[in-house]
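Input: a single structure, listed below in structure tokens.
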Amino acid sequence: MNMQKFKLKDVATFINGKAFKSTEWSDNGIPIIRIQNLTKQESKFNYFKGSCEERYLVKNGDILISWSGTLGVFEWSKGDAWLNQHIFKVVFNKENLDKDYFKILIDTKMQEMLSYVHGSTMKHITKSDFEEIVIELPNIIEQRNMAQVSKKANLILNKRRQVFTKIDQLTQSLFLDMFGDPMINPKGWPVVKLEDVVSEIESGWSPVCQKEKAKAGEWGVLKLSSVSSGFYRDSESKALLPEVAAVEKIEVKAGDLLLARKNVMELVGMSVFVFETQEKLMLPDLIFRINLKNNSGFTKEFLWQMFKTAAYLQYIQSFAGGTSGSMPNISKTNLMKLKLVSPPFEIQKKFSDCVHAIYEQKKLQKDSIAKLEFLQQSLMNKFFGK
């Protein structure tokens, strides 16, 4: 493939946004695109109802590049808007350049751009440094072909990710269908307290650890982030210092039910069921392990999903205490007071079997996504030589 080298300044024009003052913001008018409106879909807009130079107007399909705080390339799709400072609008008015190809190309250049970053607080790349970055371009036909192949690969990958997300949601939907909202108890299940069914709530240990995560075969301690999403992540760990002896009693095992006893309010009380785990990972001080009595009448999978329902999680969080300025904390005593709906064990067991079947499907989808991501990266390496 015949490739030609160009500096970015020679292939397109990069227009920096207007420095809107907060006094110019309004509750109506045309929205102003700030970096958070590109990186976070839920971010609210500020508006401007005055007039601006036409060059600051962004339309659907325009390519935008954030160059301060967060480096990224985006295609705008939310209607007419004004461009704020710290974002470039790309105008394709020089070389014969395909927009989709350019977006993918710039995305592959992000790591290189980091070497040009300035600033100790607000990291940014200057326009002069940005425009001096060298890229390689094939002819326009090759650009379009490569962009089309990449878009198709992304489409397939995104569909697999959507399926993965729906599988995650399926377990909770099944729980609500079988048992109803536990805070309302529409099916009239008997109610017991957690203290009636628990043999022990175990605390962990948080020694000083290495910054690196624990490798396979070495002892480590889970981080609080291992449970914050509501799904267990054994990759979120820290390796134990070589001179520190492990406490085998608090090693996390498959089948454990874990709950964050301390965190920010929206995450305290988050729980996970451990389907499988890397060996030699210990429970930290900020996470409880809930052990059930023999013949408790409950499965841990059922409790996990009950704890995850939105209203019940808020109920758990209502037991959190703490002084001003500290993270909310749930004591063992308060946790024991939780009221639990208690459907027949046989129904819970059927639900638990479904939970494990769903997890196996999730693993298959995860493996499929990993393979597609590898193929996509191989494709990018072939196209862009990375």
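What is the distance in Å between the Cα centres of segment 313-386 and segment 212-274?
First find each Cα centre; the distance between them is then 13 Å.
Cα convex hull of the chain: how many Å³ per residue?
Working: hull volume 76.0 nm³, N = 386.
Here the figure is 197 Å³ per residue.
Which order results if D367, D107 are arranged by neighbouring Cβ count within 10 Å, fewest first? Before the final figure, lay out the partial values.
Working: D367 10, D107 14.
Result, fewest neighbours first: D367, D107.
Relative to the longest principal Cα axis of the chain, at what angle does helix 140-179 sit, 0 to 90 degrees, rounded to 10?
Tilt relative to the chain: about 20 degrees.
With the Cα gyration tensor of segment 4-138 giving a ≥ b ≥ c as the square roots of its eigenvalues, does the rule (a/c under 1.5 for rounded; else a/b larger than b/c for prolate; else oblate) give rounded, prolate or oblate?
Values: a/c = 2.01, a/b = 1.52, b/c = 1.32.
In terms of gyration-tensor shape, prolate.
Take the alpha carbon gyration tensor of segment 251-317, find the square roots of its eigenvalues, order them as a ≥ b ≥ c, and report rounded if a/c is under 1.5; if not, report prolate when a/b exceeds b/c, else oblate. Please report the intermediate quantities before stating the final value.
Numbers: a/c = 1.99, a/b = 1.16, b/c = 1.71.
Since a/c reaches 1.5 but b/c is at least a/b, the shape of segment 251-317 is classed as oblate.
Count charges around L338 for me, please; just the other residues with Cβ under 14 Å from its Cβ, Lys/Arg as +1, Asp/Glu as -1. Before the final figure, lay out each step's value.
On the way: positive: K193, R261, K308, K332, K337, K339; negative: E195, D196.
Summing Lys and Arg as +1 and Asp and Glu as -1 gives +4.
Here are some pairs, K21/K49; K9/K151; K253/K350; K300/K339; which of them have Cα atoms lying more than 24 Å apart in this structure? Could you put the intermediate results ahead of the total?
Numbers: K21/K49 13 Å; K9/K151 26 Å; K253/K350 22 Å; K300/K339 15 Å.
From the list (K21/K49; K9/K151; K253/K350; K300/K339), the Cα-Cα distance tops 24 Å for K9/K151.
List the relative contact order of segment 190-342 as a percent without decimals, with contacts defined as Cα pairs under 8 Å and 6+ residues apart.
31 percent
When a/c is below 1.5 the answer is rounded, else prolate if a/b is larger than b/c, else oblate, so apply that to segment 324-367 with a ≥ b ≥ c taken from the square roots of the Cα gyration tensor eigenvalues. Mind dumping the intermediate values first?
Numbers: a/c = 5.73, a/b = 1.49, b/c = 3.84.
The shape class here is oblate.
Between D27, D196, D353, find the one with the highest GNM mean-square fluctuation for the chain; connect C-alpha pairs within less than 10 Å.
D27
What does the helix-only formula give at 222 nm for the chain: each DSSP H stretch with n ≥ 4 adding -39500 (n - 2.57), the total divided by the residues, and the result rounded to the nearest 500 deg cm²/dmol? Provide the component values of the computation, followed by the final result.
Working: 9 runs with 127 residues, N = 386.
Here the helix-only value at 222 nm equals -10500 deg cm²/dmol.
Identify which of Q36, Q143, Q317 has the largest mean-square fluctuation in a Gaussian network model of the chain, with springs joining Cα atoms closer than 10 Å.
Judging by the Gaussian network model, the answer is Q36.
Between 0 and 90 degrees, rounded to the nearest ten: what's the tilt of helix 345-384 against the longest Cα principal axis of the chain?
Helix 345-384 sits at roughly 20 degrees to that axis.
Where a number appears in this text, it was derived from the coordinates with a stated rule and is not lab data. Everything quoted here is computed from the prediction, not taken from an experiment. Ideal geometry is used to build each Cβ from the backbone, glycine not excepted, and the neighbour counts take in all protein chains shown.
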